[in-house]
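> Sending over a structure as C-alpha cells; questions will come in a sec.
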Amino acid sequence: MTPDSKKNKDKVVPRKFNKNRVYEDKYKPEFCELLIKHFEEGGAFNSFPAVCGVVRSTLYEWVNRYPEFKEAKSIGEAKYQKLMETILIAKSLGRDGKNFDVKKSDITAVIFALKTRCHKDYSQKDKMELSGHLAATNVDGLSDDQIKERIKILKLSHGADEE
C-alpha cells in the first residue's frame, strides 16, 4: 500500500453525479488480489464490479487513485492473456490443459478473446496507403448550374466521358 492510498483509504469521496449525497469510497487493498484472480479465471475488468459491489466507473476511479490497483489490473491483464495463449497453444497442438479442459474450449472464442481483450498484441492492423491529388472545392453559394458545370469539368479532367 502506498502512502497516498493509506491517506485516501478512509476518506469520504464526493462524486459528481449527485451533489446532495456524499458517497463512501469502498476501495479495499484486498481488491487487488481479487482482481488478479478474477483475470486468472478468465474474467473481464468490466465484470469485476459484480465481485466488489461497485459500478464500473468506480473501477476506473480506483485505477487513477490507487497505484497498487492499477498495477493489479496490469498484472491481471497479463495473466488473462497468458491463459488465452495457453489454451490456444494447447488446443492447436492437441494437448490437454492443466487447469482447464481444452477439448471443451472453443478455439474461435479464444481467438476472438485475444483479438478483443488483448488487442494491443493480437488485433489485425491493416495499412492503407493513399496516393494522388485531393482538391477540395467549395460549392457554398453556387447555383445548381454552376455546381453541375464544375462536376463536368472534374469528370473531363479525370478522363470520364460526358453524359
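Values in this text are rule-based calculations from the coordinates and carry no lab data. No experiment lies behind these values; they were computed from the predicted model shown.
> Please turn the phi angles of the stretch 58-69 into ³J(HN,Hα) values with the Karplus equation 6.51 cos²θ - 1.76 cosθ + 1.60 (θ = phi - 60°), one per residue in order, whole Hz, x for glycine and proline.
The phi angles translate into 5, 4, 5, 5, 5, 4, 6, 8, 10, x, 5, 6 Hz.
> From the backbone phi of the stretch 116-122, what are the Karplus-calculated ³J(HN,Hα) couplings (6.51 cos²θ - 1.76 cosθ + 1.60, θ = phi - 60°) in whole Hz, Gly and Pro given as x?
8, 8, 10, 4, 4, 9, 10
> Another question, if that's okay. Show the residues, 5+ positions off or on another chain, whose built amide H is closer than 5 Å to the amide H of residue 25.
Correct list: 13.
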